[in-house]
Amino acid sequence: MIKAINLQKSVPVADGTLEILRGISFEIKRGETAAIVGASGSGKSTLLGLLAGLDTASQGDVEIDGQPLIALDEDARAALRGEKVGFVFQSFQLLPALTALENVMLPLELAGQSGALQRARDYLERVGLGARLDHYPTMLSGGEQQRVAIARAFAASPAILFADEPTGNLDTNTGNKIIELLFELNQSEGTTLVLVTHDERLAARCRRRFLMDSGTLEEAS
Amino acid sequence: MAARSSMSPLVLLLRDWRGGELGVLLAALLLAVSVVVGISAFVSSLQSALVSESKQFLAADSVVRSGRALPVEWRQRAVSEGLATAVTLGFPSMAMTDQDELYLASIKAVTEGYPLRGQLRFSREPYGQVTSTGAIPAPGEAWLAPRLFALLKVAPGDRVWVGDKPLTITGTVRSEPDATSASFGYGPRLLMNLDDIPATGVIQPGSRVTWRLLLGGEDAVLQEFAEWLRPQLIQGQRIQGVEDGQPTIARTLDRAQGFLLLAGSLGVVLAAAAIALAARRFSVRHTDHVAVMKSLGSSRQQIARLYGGSLLLLGLLATCLGWALGWLIQAVFFRLFAEQLGVAPGQVGYEPFLIGGATALVCLGFFAWPPLERRARVPPMRVLRREVDADQGQRRGDYARGAISVFGLMWWYSGDLKLTGSVVAGLLLTVGLGFLLAQLLLGSGRALGSAAGSVWRLGLANLRRRSSANALQMVIFAIAIMLMLVLVIIRTALIEQWQAQLPEGTPNHFMLNIAPGDQDPLASFLQNQGIEPQPQFPMTRGRIMAVNGTVLAEDRSSGEERRQREANFTHSAELPAANILLEGTWWSVDTAEEVVSLEQEFARGVGAELGDVLTIRVGADEFEARVASIRESDWQSMKPNFFVIFPPAMLERFPKTYLTSFFLPPEEKALLNSLLKQFPTVTVIELDIVIGEVRTIVERVGQAIELVLAVILLAGALVLVAGVQASVDIRLRESALLRAMGAGRGLLLGSLVIEFAVLGGFAGLLAVLGAEVAAWALQTQALDLDYQATPLVWPLGIVAGVLVIGVLGLLSCRRAVVVPPLVVLREV
């Protein structure tokens, strides 16, 4: 379960403070799928980063499975991420020095899980990249890179998967394939999925829809 | 809690390596370690080779010199302490043949084992094939200098008499290692066995002889022996080491050592700069990696263990490979230049290896690690979204700590605070002024650019836009160029001063005991032979007895520091050349004052200061003179120098002889025979061997210096390459974007060249400023050289900056116009 409690984020700018998030509260239950949509610059990605514990709020708190993130330091948040959270970035964020296989193995290795190689291989096969295991990110197309990123996110069996504009850098056709893949894996793994998107098709696939506007969030009916 | 990671630093390192992320850093580390080790090992090996070579001038590691017979127990003690020993005895004596031919020879009698260092070269016939046998003349035998065969009209197998002892001539002395420091030598050499000396009957109490106990062995044992011996020495006895055996050579070696240490130290700084640049690039490129790993659940400790461990492994790997490569470099140097250098490699020691390794690890620790470690503490989203700039992960504190540790390394390496301080002063000026000036200059660059064409506008706008990164890059370029310029300046000053010290045609023969009546005929004789006559100096033997009425001790045995001194006095109306007045004033040409001028060391020896009144004895006469001046004499000039100088009027009444010097080319050596026939009372001191040896050493050291300079220039070039590489990513990316938007090849390449050339030009200007300060400080404070302005470095520094940085920049960024833009954008 994810719970946002009066979440606020502001950053100092040249002429004062810019409020990105203005007190956001909501709850997403285990196994739900949720989409956060809104205009560029409305604060969607910032919210997602806070929910995943990748950044800290100026005020308010996030609870993941009842654990308030505010009480955790950077290392404890990292441990929580390692245990429960997966993240898919818009810009993929694959490590260029690692092959596709090694990128997927990385979270498993960091968590000290055994059988990382086999598991990573399985996931890459599931995303259709069984033949590209030893390719480096620069040798893969955008869609392929995002598929590796998705395999990496699911490989660690997270309870919650956050995805920030997973199709944002892809063409429609490739984007559709990625959407299919995301939901297919989500269903089979029973993961809670929270994503940020511009893509109406993607948002429509989620059970719940939230609309972000100038730092405030409203659930669409 | 996070489980223990199954990923090891080694795995991370291997993956990074295979992914091509480590190439630049590993190359920088490897080059840095191997250059530091290579140069230091070469320098250290060269130094010990040169020191051991200079020991040849003593024919020993250390020598006890005495005017009277050496107590037997001294040699026994040396032997019992495990030192190698030999004894030589030198004195002038008439050599006579069975046909009654006579000639004043410089006799040297030696024992078995002579020489302990260097080689005695000998030939059977006067000008026959030279061999080094390791033997000495057997009892009853004598070896003669080639010239003595002609003078005495003898041939091998004939007999020659020294006093009452007839000796069979069995060979020719072609060269002695200690000919320079043991020159008892007023005439050509006659070498004989010391066992024959008693039978000659020529050594009587009071004879003017020089005994030398040659010692060879470990420094520590020699030191211990010297400490035991020193309290027992009396007047006329002293211990000589390399440094006081031949002052000219010792000073040459000293300065060369200073230069080589400087070169090595600059190698350390350059290597550090190369690593710092590559490390910075490495950490900037790895910033995202750390953030991604954190988003995947890595803790700070995990990141520290993985990246810290992998950097440490990388450092160790580079250190080991660099050691091997460095050792190879110095071995190759010696092999390549063995013939020119004429010395065998000496001991390297472990220090160069330690310093090489420390340089790599310290630089990684201070330059590569802090930004990564800092990233591990920041929420990953802020890194990935560039809310914290990857570049600024490196803070001024990191550079400051890194710089301090590099200076520490430099100090450790050189062991010379003045030398390190001089370089640091230049560097501080370059860095401090550099950042200030960089901002100003880069600002003015834009003003200029907006008035210029589009290529210029783009190039200069780029400079301006990245002004803080460019300021850093400019300062690093400036440091590299500055260090190279410093070395060029010092090398030029050193070589020029060596050449000036003994210019071609330096008088290489001295003539003593010239009777007043022989003065003019001798000058005409030389002139007729085409030899330029030099000034003749009057010489009167005398003794300083007392200072301000206090009678000085006669010898050292009294324990008094101040002692009576006997010396050759001269008189002169003017201050002789190669002398500098330190205190007091020089007398007027026709002074009738009773005054004297003393050389500073001599003044110290007798304990006299300016204004003191000396009691002086010449023959049976005693008189007084006030010290009117204290002088410094240049003993390296190989010109006649005197400890004690009077105004002409004061010495007029005493008998005197004259001293002069002249240059005799080696091929006219035979002229000495006719000169001595015509002026039999004159004594000739042959300094040509000394001067030849000094020249050889200077030449060898000069070659070594050129070689080391070349290596340092190479290291400097590597820093420049690393510096250009450090900024290539961002420039490639921007160029690719511009190309994607339709910018032409000419515009892109032109603007890149302008950008780098302007950076290089400014860096060159800064470098020249810093180099001038460092070179001045080094010359006047650390290396005991006279400051010489080198205006040439101004155009050299600036033009080299423009050309080298411009070309390197162009080469590094040419991918931007060769490879399709998309490929570039995906790669960087």
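Can you find even one residue in the stretch B:702-724 that is farther than 30 Å from B:E755 by Cα and either touching a Pro at 6+ places or on another chain (Cβ under 7 Å) or among the polar types (S, T, N, Q) (or both)?
Yes.
If you check A:L94, A:L21, A:L72, which single one turns out to be closer than 30 Å to A:M105 by Cβ, buried (at least 23 other Cβ atoms within 10 Å of the Cβ) and modelled with pLDDT of 85 or more?
None of the others qualify; the one that does is A:L94.
Among the residues of the stretch B:776-818, how many are of a type in the set (A, V, I, L, M) and under 30 Å from B:S727 (Cα atoms)? Explain how you work it out, then say what you get.
Looking only at the stretch B:776-818, we keep the residues that are of a type in the set (A, V, I, L, M), and these are B:777-778, B:782-783, B:785, B:789, B:792-793, B:796, B:798-800, B:802-805, B:807-808, B:810-811, B:816-818.
Then drop every residue that is not under 30 Å from B:S727 (Cα atoms), which leaves B:793, B:796, B:798-800, B:802-805, B:807-808, B:810-811, B:816-818.
Count: 16.
Of the residues A:F210, A:F183, only one is outside any helix (DSSP H, G or I), among the aromatic types (F, W, Y) and either out of contact with any Phe, Trp or Tyr (no Cβ under 7 Å at 6 or more places or on another chain) or modelled with pLDDT of 90 or more (or both); which?
Testing whether each residue is outside any helix (DSSP H, G or I), among the aromatic types (F, W, Y) and either out of contact with any Phe, Trp or Tyr (no Cβ under 7 Å at 6 or more places or on another chain) or modelled with pLDDT of 90 or more (or both) leaves just A:F210.
Quick one: is B:G356 in a helix (DSSP H, G or I) and out of contact with any Cys (no Cβ under 7 Å at 6 or more places or on another chain)? Before the answer, list the steps.
Values: in a helix (DSSP H, G or I): yes; out of contact with any Cys (no Cβ under 7 Å at 6 or more places or on another chain): yes.
Considered against the rule, which asks whether it is in a helix (DSSP H, G or I) and out of contact with any Cys (no Cβ under 7 Å at 6 or more places or on another chain), B:G356 comes out as yes.
Scan the stretch B:61-112 residue by residue and report those that are among the basic types (K, R) and surrounded by 18 or more Cβ atoms within 10 Å (Cβ to Cβ).
Across the stretch B:61-112, the qualifying residues are B:R65, B:R75, B:K108.
What number of residues within the stretch A:30-43 are part of a loop (DSSP other than H, G, I, E, B) and either among the hydrophobic types (A, V, I, L, M, F, W, C) or under 16 Å from the mean Cα position of the chain (by Cα) (or both)?
Of the residues in that region, 5 qualify.
Can you name every residue in the stretch B:86-108 that is in contact with a helix residue (DSSP H, G or I) (Cβ under 7 Å, 6 or more places away or on another chain) and more than 10 Å from B:R212 (Cα to Cα)?
Passing the criteria: B:A95, B:T97, B:E101, B:Y103, B:A105.
Of a type in the set (V, I, T) and modelled with pLDDT of 80 or more - does that describe any residue in the stretch B:451-462? Write out each step before concluding.
Step one: list which residues in the stretch B:451-462 are of a type in the set (V, I, T), which gives B:455.
From the residues that got through so far, the ones that are modelled with pLDDT of 80 or more too are none.
Within the stretch B:451-462, not a single residue is of a type in the set (V, I, T) and modelled with pLDDT of 80 or more.
So B:Q779 fits all but one of (1) crowded, with 16+ Cβ neighbours inside 10 Å; (2) at pLDDT 85 or above; what number is the exception?
In the conditions (1) crowded, with 16+ Cβ neighbours inside 10 Å; (2) at pLDDT 85 or above, B:Q779 misses (2) alone.
Could you list all residues from the stretch B:619-645 that are of a type outside the set (D, E, K, R) and farther than 25 Å from B:H509 by Cα?
Those that are of a type outside the set (D, E, K, R) and farther than 25 Å from B:H509 by Cα: B:G619, B:A620, B:F623, B:A625, B:V627, B:A628, B:S629, B:I630.
Looking at (1) in contact with a Lys or Arg (Cβ under 6 Å, 6 or more places away or on another chain); (2) at pLDDT 75 or above; (3) aliphatic (A, V, I, L, M), which one does B:V828 not meet, given that it meets all the others?
With (1) in contact with a Lys or Arg (Cβ under 6 Å, 6 or more places away or on another chain); (2) at pLDDT 75 or above; (3) aliphatic (A, V, I, L, M) applied to B:V828, the lone miss is (2).
State all residues of the stretch A:51-76 that are more than 8 Å from chain B (Cβ to nearest Cβ) and in a helix (DSSP H, G or I); if no residue qualifies, say none.
A:L51, A:L69, A:I70, A:A71, A:A76
Criterion first (within 14 Å of another protein chain (Cβ to nearest Cβ) and over 24 Å from A:V88 (Cα atoms)) does B:F282 satisfy it?
So B:F282 fits the description; yes.
Which residues, taken from the stretch B:701-742, are assigned to a loop (DSSP other than H, G, I, E, B) and in contact (Cβ under 8 Å) with a residue 12 or more places away in the chain?
Result: B:S727, single match.
Can you find, within the stretch A:112-144, the residue that is modelled with the lowest pLDDT among those that are crowded, with 23+ Cβ neighbours inside 10 Å and under 22 Å from B:R18 (Cα atoms)?
A:A116
Quick check on the stretch B:600-613. Is at least one of its residues surrounded by fewer than 21 Cβ atoms within 10 Å (Cβ to Cβ), in contact (Cβ under 8 Å) with a residue 40 or more places away in the chain, farther than 13 Å from B:P576 by Cα and in contact with an Asp or Glu (Cβ under 8 Å, 6 or more places away or on another chain)?
Yes, the conditions are met somewhere in the stretch B:600-613.
Can you find a residue in the stretch A:165-175 that is part of a helix (DSSP H, G or I) and modelled with pLDDT of 90 or more? I'd like the intermediate steps shown before the answer.
Initially, the stretch A:165-175 is screened for residues part of a helix (DSSP H, G or I), giving A:172-175.
From what is left, the residues that are modelled with pLDDT of 90 or more are none.
No, there is no match, as no residue in the stretch A:165-175 is part of a helix (DSSP H, G or I) and modelled with pLDDT of 90 or more.
State all residues of the stretch A:101-136 that are under 19 Å from the mean Cα position of the chain (by Cα) and within 12 Å of chain B (Cβ to nearest Cβ); if no residue qualifies, say none.
Result: A:N103, A:V104, A:M105, A:L106, A:P107, A:L108, A:L110, A:A111.
Can you name every residue in the stretch A:123-138 that is touching a helix residue (DSSP H, G or I) at 6+ places or on another chain (Cβ under 8 Å) and not basic (K, R)?
At the first step, the residues of the stretch A:123-138 found to be touching a helix residue (DSSP H, G or I) at 6+ places or on another chain (Cβ under 8 Å) are A:123-124, A:126-130, A:132-138.
Passing the criteria: A:Y123, A:L124, A:V127, A:G128, A:L129, A:G130, A:L133, A:D134, A:H135, A:Y136, A:P137, A:T138.
Report, by residue number, each residue of the stretch B:8-45 that is part of a loop (DSSP other than H, G, I, E, B), over 20 Å from B:C363 (Cα atoms) and modelled with pLDDT of 75 or more.
Selection gives B:S8 alone.
So which residues in the stretch B:23-77 are among the small types (G, A, S) and under 30 Å from B:S310 (Cα atoms)?
First, the residues of the stretch B:23-77 that are among the small types (G, A, S): B:23, B:27-28, B:32, B:34, B:38, B:40-41, B:44-45, B:48-49, B:52, B:54, B:59-60, B:62, B:66-67, B:69.
Hits for the stretch B:23-77 are B:G23, B:A27, B:A28, B:A32, B:S34, B:G38, B:S40, B:A41.
Could you say which residue among B:L341, B:L336 is crowded, with 21+ Cβ neighbours inside 10 Å and at pLDDT below 70?
Just one listed residue meets the conditions, B:L341.
The values are calculated or read from the model by the stated rules, or taken from the named source; none is laboratory data. For clarity, every value in this text was computed on a predicted model and none was experimentally measured. So basically every Cβ, Gly included, is an ideal-geometry build from the backbone, and we count neighbours across all protein chains shown.
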